[in-house]
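Asks: Dumping the structure here so I can ask a few things about it.
The values are calculated or read from the model by the stated rules, or taken from the named source; none is laboratory data. Note that this is a predicted model, so its numbers are computed, not measured. Neighbour counts run over all protein chains shown; Cβ positions are idealised from the backbone, glycine included. The area values use the complete protein model at the heavy-atom level, side chains included, leaving out ligands, DNA and RNA. Shrake-Rupley method; radii C 1.70, N 1.55, O 1.52, S 1.80 Å.
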Amino acid sequence: MSESIEKVKCLIIGSGPAGYTAAIYAARANMFPVLYQGEQPGGQLTTTNDVENFPGYPDGITGPEMMIQLQKQAERFGTEVRDGWITKVDFSGEVHKVWVNDTKEIHCNTVIISTGATAMYLGLPSEQKYLNLGGGVSACAVCDGFFYRNQEVVIVGAGDSACEEAHYLSKLCKKVTMLVRRDEFRASQIMQARVKNTKNIEILYNTNTVEVLGDGQVVTGVKVKNNITGEVHDIPATGFFVAIGHKPNTDIFKDYLDLDPTGYIINVPGTSKTNVEGVFVSGDAADNVYRQAVTAAGTGCMAALDAERYLASIDSSFEVNTATNY
C-alpha cells in the first residue's frame, strides 16, 4: 500500500447537524473521526437566518452560528474537521476507499455519510437574491412558517409535499396562495382535498412565477403569469415558499449503496446501516419525510453508535463505550 494513502478509523462525509453530531459521538468514543465539510460547510442550515425550533436555544439562533458551535464542539473532543469534499468512493472490498477532490486517497474502517439533500428552487435571479438575503424565500414551511404568522404568503408546487406545506402554512398565515404550473395537481387525492377544502388557501392553476418582488431587503410580492391567457399580475406577499422537491446528495454512492427511486439512501429500518457493512448514513441523505435539524442530529448519533459497535465487532482491541451518558 502506498505511503500516500491515509488510513482513517472513522470518516464522516458532510457537515451539518447530522455530520457534526456523529463526529461528537465518534470522537468521545475514541474513534478519532475525520470529517470533510463538503461543498457547503455546515449544510442547508447555513442558508437559514433564524432557527427557533432546535431544543436548547430559548432565544433562537442563526443557522450559521449553530453550525459554528457544533463544529467547535466536535473539534473539542478531537474531531479533525477538514475542507474539501469526497468526489469518488469504492465500497466493493473490505476496505472502504474514498478520494478527496479527485486526488487524495483514504482507506477507512467505517464511513458515515451525512451529505444531506439540496432543496430545488425555480432558479429565478430574484428568488435567489432574497433567498441569499434571508428576506422571505424558503423551502421549508415547518422551519420558517412561524415567521409569517398572520401574513400572506405564496407557495409553489403541486405534489404531496407542496400540499402538506400549504396546509401547514394555512394554520399560521392569513392567506396562502398556491401556484400550480399545470391544470391539475400531482398530489394524491386526499392531499388535494385537504388544500381545496381549506378556506384561506387560494389555488391558481396554469400559473408560473415570473419574479419575486421586494424592496431590496425583504419580499413584498410575487409576479405571476397565467400560462393559458398570458395575463400577468402581482400577488402581495411577505413570504415565498418553494415546494418542488429535494435532491439528495448521493450520486457518488449509487454504484455501491441501495438508493430509492429518488436517490435517497436506503437504511436498515431502525438503524443507520446501509447494505454495505461499515458504511452508515445519517441526516437528509436518507430522510425524505422529516428533514429537520433535530432529526438529522438524532440520526447522526445513531450512525456513530452503529459505527462504534461495528468497529468493536471487527477489532477485538477496540472497546465499546457502554456508558449511558456520552
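Asks: Here are a few candidate values for mean projected area of the Cα convex hull in nm²: (1) 18.5; (2) 16.9; (3) 15.9. Which one was actually calculated from the structure I just gave you?
Replies: Checking each listed value against the structure points to (1).
Asks: Continuing with the same structure: Round to a whole angstrom and tell me the spacing of the C-alpha centers of the range 157-234 and the range 270-307.
Replies: For the range 157-234 versus the range 270-307, the Cα centre distance is 33 Å.
Asks: What ³J(HN,Hα) values, in whole Hz, does the Karplus curve 6.51 cos²θ - 1.76 cosθ + 1.60 give for the range 288-305 when θ = phi - 60°, with x put for Gly and Pro?
Replies: So the J values, rounded to whole Hz, are 9, 10, 8, 6, 10, 4, 5, 6, 4, 4, x, 6, x, 4, 4, 4, 5, 5.
Asks: Kindly write out, for the range 83-94 in residue order, the coupling ³J(HN,Hα) from the Karplus curve 6.51 cos²θ - 1.76 cosθ + 1.60 (θ = phi - 60°), rounded to whole Hz, with x marking Gly and Pro.
Replies: Once θ is set to phi - 60°, the couplings for the range 83-94 become 6, x, 9, 7, 10, 7, 9, 9, 9, 7, x, 5 Hz.
Asks: Sort His246, His107, His233 by accessible area with a 1.4 Å probe, largest first.
Replies: The ranking, largest first, comes out as His233, His246, His107.
Asks: Label Leu204 and Leu122 with points 7 Å out from Cα along Cα→Cβ: what is the distance between them in nm?
Replies: It is 0.9 nm.
Asks: Using a probe of 1.4 angstrom, how much of the accessible area of the range 69-159 is carbon and sulfur, in percent?
Replies: 48
Asks: What accessible area per residue comes out for the range 181-238, rounded to a whole number of Å², with a 1.4 Å probe?
Replies: Dividing the accessible area of the range 181-238 by its residue count gives 62 Å².
Asks: Go through Gly14, Met66, Pro55 and say which Cα lies farthest out towards the positive end of the charge dipole of the chain; charges sit on Cβ, +1 for Lys and Arg, -1 for Asp and Glu.
Replies: Going by the charge dipole, the pick is Pro55.
Asks: Could you give me the ³J(HN,Hα) list for the range 124-133, computed from phi with Karplus coefficients 6.51, -1.76, 1.60 and θ = phi - 60°, whole Hz, x at Gly and Pro?
Replies: 6, x, 5, 4, 5, 4, 7, 5, 5, 6
Asks: Sticking with this structure for a sec: Using a 7 Å offset from the Cα along the Cα-to-Cβ direction at both Ser4 and Glu52, what is the distance between the two label points in nm, to one decimal?
Replies: The modelled label-to-label distance comes out at 5.3 nm.
Asks: Give the residue from Ala297, Ala166, Thr46 lying farthest towards the positive end of the charge dipole for the chain; charges sit on Cβ (+1 for Lys and Arg, -1 for Asp and Glu) and the dipole is referred to the Cα centre.
Replies: Ala166
Asks: Further question on the same structure: Out of all DSSP beta bridges with both ends in the chain, state the antiparallel percent to the nearest 5.
Replies: Rounded to the nearest five, the antiparallel share is 45 percent.
Asks: Here is a further query. Show the residues, 5+ positions off or on another chain, whose built amide H is closer than 5 Å to the amide H of Ala237.
Replies: Gly221, Val222
Asks: Whenever you get a sec, line up Ile228, Ile203, Ile244 from highest to lowest accessible area (probe 1.4 Å, protein heavy atoms).
Replies: Sorted descending by solvent-accessible area, the residues read Ile228, Ile244, Ile203.
Asks: Further, regarding this structure: Where a Cα-Cα gap under 17 Å defines reach, which aspartates and glutamates qualify for Lys129, not counting those fewer than 8 residues away within the same chain?
Replies: Glu211, Asp215
Asks: Give me the extension gain from Ala312 to Asp234: residue separation times 0.36 nm, minus the current Cα-Cα distance, reported in nm with one decimal.
Replies: 21.9 nm
Asks: How much accessible area per residue does the range 14-148 have, in Å², with a 1.4 Å probe?
Replies: Per-residue value: 45 Å².
Asks: Counting only residues 5 or more places away or on other chains, whose amide H sits under 5 Å from the amide H of Asp50 once H atoms are built in the peptide plane?
Replies: When sequence neighbours closer than 5 places are left aside, the close amide H contacts are Gly63.
Asks: On to the next question. Give me the orientation-averaged projected area of the Cα convex hull of the range 60-109, in nm², one decimal.
Replies: If I average the Cα hull's projected area over directions, I get 4.9 nm².
Asks: Another question, if that's okay. What is the ratio of the Cα radius of gyration of the range 1-157 to 2.2 N^0.38 Å, with N the residue count, to two decimals?
Replies: 1.22
Asks: Next up: So which of Lys199/Lys247; Lys7/Lys273; Lys7/Lys88; Lys7/Lys104; Lys175/Lys199 end up more than 20 Å apart by C-alpha?
Replies: Lys199/Lys247; Lys7/Lys273
Asks: With +1 assigned to the C-beta of every Lys and Arg and -1 to the C-beta of every Asp and Glu, and no other charges, what is the dipole magnitude of the range 130-185 about the Cα centre in debye, to the nearest 20?
Replies: Roughly 240 debye, rounded to the nearest 20.
Asks: Sticking with this one: Kindly report the accessible area of the range 240-312 per residue (heavy atoms of protein chains, probe 1.4 Å, no ligands, DNA or RNA), in Å².
Replies: 43
Asks: Pick out, from Val222, Leu311, Tyr130, the residue whose Cα sits farthest towards the positive end of the charge dipole of the chain, with +1 on the Cβ of Lys and Arg and -1 on the Cβ of Asp and Glu.
Replies: The Cα lying farthest towards the positive end belongs to Val222.
Asks: Based on the mean of other beta carbon atoms within 10 Å per residue, what is the order of 17-25, 289-297, 51-59, most packed first?
Replies: Descending mean neighbour count gives 17-25, 289-297, 51-59.
Asks: Another question, then. Identify the GluC sites (Glu not before Pro) of the range 110-189 meeting these criteria: DSSP loop state and at most 15 other C-beta atoms within 10 Å of the C-beta.
Replies: When the GluC sites (Glu not before Pro) of the range 110-189 are filtered for loop state and at most 15 Cβ neighbours within 10 Å, Glu184 remain.
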